[in-house]
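The values are calculated or read from the model by the stated rules, or taken from the named source; none is laboratory data. These numbers come from a predicted model, not from an experiment. A quick note on method: Cβ atoms are made from the backbone with ideal geometry, for glycine too, and the neighbour counts reach across all protein chains shown. To get the accessible areas, we keep the full protein, side chains included, count just its heavy atoms, and leave off ligands, DNA and RNA. Shrake-Rupley method; radii C 1.70, N 1.55, O 1.52, S 1.80 Å.
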Amino acid sequence: MEKERISSTQLVVLLIWTTLGTGIVTIPYVLGLFTVRDGWISTLLSSAGGLLVTAVAWLYIRMLEMRRLTEALLRTFGPVVGRALGLWVVFWIWISNCTVLRELELFVGNTILPRTPEYVIGFLASTTFAYAVYMGVEVLARTGEFILPLSAVVGPVLIMLSLQYMDIHEMMPVLADGWSPVLRGAVVPALAYGMEFGIVLQYLHAVNHRQSVLGSLVMSTGLVSVVLTIVVAITVGVTGHSVSYLNYPVLEMVRTIRVGRFLERIDTLYVMAVMSTIFIKLGAFHYAWCEGMKDIFGLSSHRTLAVPGALSVWAGSLAVFAKAGTVEHFIITDVPSYFVFTVLVIPAVTALAAWWKQRRTHRGAPRRNVA
Amino acid sequence: MIAMAIVACVVSYLIHRPTSWRERVLTWAILLCVVGLSLRTALHLWPNLDVLGPLDLVFGSLTRVIYKVL
């Protein structure tokens with residue numbers, strides 16, 4: 001039995017970094033493919049994804065209490081179907097982590113280490129998050145808290161400094177092309193990144209207070225939505241329509257910051273913050289994967305596969321996403337439906353099956369003779 | 001990359017030695033997968049193996065419907 005516990009604050013921090021880690025890098029780029037002026041509306045709508053996950057989590061916790069998703073699948077559907085569904089869930093976590101690691105390799109390779117082979121960048125990242133996961137959920141959550149001041153200071157400073165280059169007219173007229181591009185732009189933020197909050201179902205056993213989980217989910221959803229909206233609005237205001245042609249629009253926005261001849265090229269701070277948050281995201285997903293594998297294969301500890309699993313993510317990120325374009329195609333085309341099925345449909349069906357099973361058990365139980 | 005993968009696999013096995021036969025089999029299976037995936041990447045083996053193909057077939061078409069509806 002795990003003794004490590006995390007508080008609701010640590011859960012909120014973990015969930016925020018889990019979504020913002022790659023979200024802040026990829027969402028402005030994806031939005032640029034559909035809409036530029038109204039991108040900020042799309043990110044506001046993205047909170048729908050987090051709220052849907054909260055609704056499913058409410059149903060799930062009501063029926064299955066604080067059991068992990070993989071554990072609940074085995075209990076509800078039995079060893080054969082439950083294991084098959086559990087394997088589906090751990091594969092989802094694994095492929096998500098491969099995508100995140102590949103995004104990190106590309107981001108670091110393109111921005112700060114252009115001559116370093118991508119597999120070396122990926123290897124260093126995977127050994128780091130493997131170590132954090134090996135040490136346990138508490139270490140992972142504390143690392144998330146540790147980098148909070150860095151981002152809480154650097155983020156607002158970068159936003160304040162970039163406001164001087166912002167032109168509000170870049171966002172005008174509002175909804176000139178109607179709602180269609182805005183809603184299409186909201187698909188990836190809501191149904192891909194919003195669904196990532198669903199990882200919380202693998203953390204239920206580790207949370208201190210049962211009542212705080214839903215509140216943490218709502219708070220994380222709101223905060224992520226607000227931060228993304230501000231970032232997208234400023235990025236569009238600063239870089240204008242060139243957002244559609246940039247791979248990393250936020251990075252370009254940060255690169256424009258210059259205070260006289262005194263302060264420039266502070267994009268290093270942004271890259272540091274992004275790398276730290278992606279590291280937390282990788283760790284959060286990998287811990288969930290290790291716990292899932294522990295349930296499915298009856299392992300003694302999540303530590304058993306912490307290092308081999310991280311190596312599989314490293315090798316998988318390069319083997320599955322050989323070309324950079326494959327990652328973008330996967331995120332835009334496959335991820336929304338795939339994540340909705342795995343994060344919303346499977347837990348909801350599990351909760352309903354548990355409810356039906358409970359009801360049948362109560363009906364089958366011998367009635368007391370009141371007379 | 002292959003050398004890196006092999007060394008990392010051996011080191012990872014030494015860091016946390018599995019206690020039961022089930023853990024041993026699972027650990028070795030994952031480590032062999034790591035070496036296999038590294039071989040695929042470094043030597044371009046099995047170039048037609050598309051891991052994302054089935055996902056793209058099922059979920060890609062569903063997402064395209066969502067985009068079309070919107």
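Inspection of segment B:43-56 identifies no residue that is of a type in the set (F, W, Y) and either more than 15 Å from the chain's Cα centre (by Cα) or surrounded by 19 or more Cβ atoms within 10 Å (Cβ to Cβ) (or both). Look at (1) under 20 Å from the mean Cα position of the chain (by Cα); (2) in a helix (DSSP H, G or I); (3) of a type outside the set (A, V, I, L, M, F, W, C); (4) surrounded by fewer than 23 Cβ atoms within 10 Å (Cβ to Cβ) and you find that A:R359 fails only one, number (1). Among residues of segment B:43-70 that are more than 9 Å from chain A (Cβ to nearest Cβ) and under 20 Å from A:L31 (Cα atoms), none has a Cβ under 6 angstrom from a residue that is small (G, A, S) and part of a helix (DSSP H, G or I) at a sequence gap of 6+ or on a separate chain. Within segment A:280-319, the residues that satisfy the criterion of being open to solvent by 10 Å² or more (accessible area, probe 1.4 Å) and more than 8 Å from chain B (Cβ to nearest Cβ) are A:W289, A:K294, A:D295, A:S301.
Number of residues in segment B:1-12 that are out of contact with any Ser or Thr (no Cβ under 6 Å at 6 or more places or on another chain) and either open to solvent by less than 40 Å² (accessible area, probe 1.4 Å) or facing chain A (nearest Cβ under 7 Å) (or both) equals 4. Only one of the numbered conditions (1) assigned to a helix (DSSP H, G or I); (2) farther than 30 Å from A:M135 by Cβ; (3) within 12 Å of another protein chain (Cβ to nearest Cβ); (4) open to solvent by 30 Å² or more (accessible area, probe 1.4 Å) is not met by A:A322, and that is (1). Against the test of being touching a residue at least 24 places away in the same chain (Cβ under 8 Å) and closer than 30 Å to A:S180 by Cα, the options A:T70, A:T9, A:T22 yield a single qualifying residue, A:T22. Condition test on A:R184, is it in a helix (DSSP H, G or I), farther than 30 Å from A:G292 by Cβ and of a type in the set (K, R)? It is true that A:R184 is in a helix (DSSP H, G or I), farther than 30 Å from A:G292 by Cβ and of a type in the set (K, R). In the set (1) within 28 Å of A:V207 (Cβ to Cβ); (2) in contact (Cβ under 8 Å) with a residue 60 or more places away in the chain; (3) open to solvent by 50 Å² or more (accessible area, probe 1.4 Å), A:A84 fails one condition alone, (2). Filtering segment A:32-65 to residues that are among the hydrophobic types (A, V, I, L, M, F, W, C) and over 24 Å from A:A284 (Cβ atoms) leaves A:L33, A:F34, A:V36, A:W40, A:I41, A:L44, A:L45, A:M63.
Okay, residues lined up against (1) assigned to a helix (DSSP H, G or I); (2) more than 27 Å from A:D267 (Cα to Cα); (3) modelled with pLDDT of 90 or more:
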position: A:V100; (1), (2), (3): yes, no, yes
position: A:N110; (1), (2), (3): yes, no, no
position: A:V120; (1), (2), (3): yes, no, yes
position: A:F123; (1), (2), (3): yes, no, yes
position: A:V139; (1), (2), (3): yes, yes, yes
position: A:L148; (1), (2), (3): yes, no, no
position: A:A152; (1), (2), (3): yes, no, no
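Any residue that is surrounded by fewer than 17 Cβ atoms within 10 Å (Cβ to Cβ) and either among the hydrophobic types (A, V, I, L, M, F, W, C) or within 19 Å of A:M272 (Cβ to Cβ) (or both) - is there at least one of those in segment A:96-109? Within segment A:96-109 (the criterion being surrounded by fewer than 17 Cβ atoms within 10 Å (Cβ to Cβ) and either among the hydrophobic types (A, V, I, L, M, F, W, C) or within 19 Å of A:M272 (Cβ to Cβ) (or both)), the answer is no, since none of the residues qualifies.
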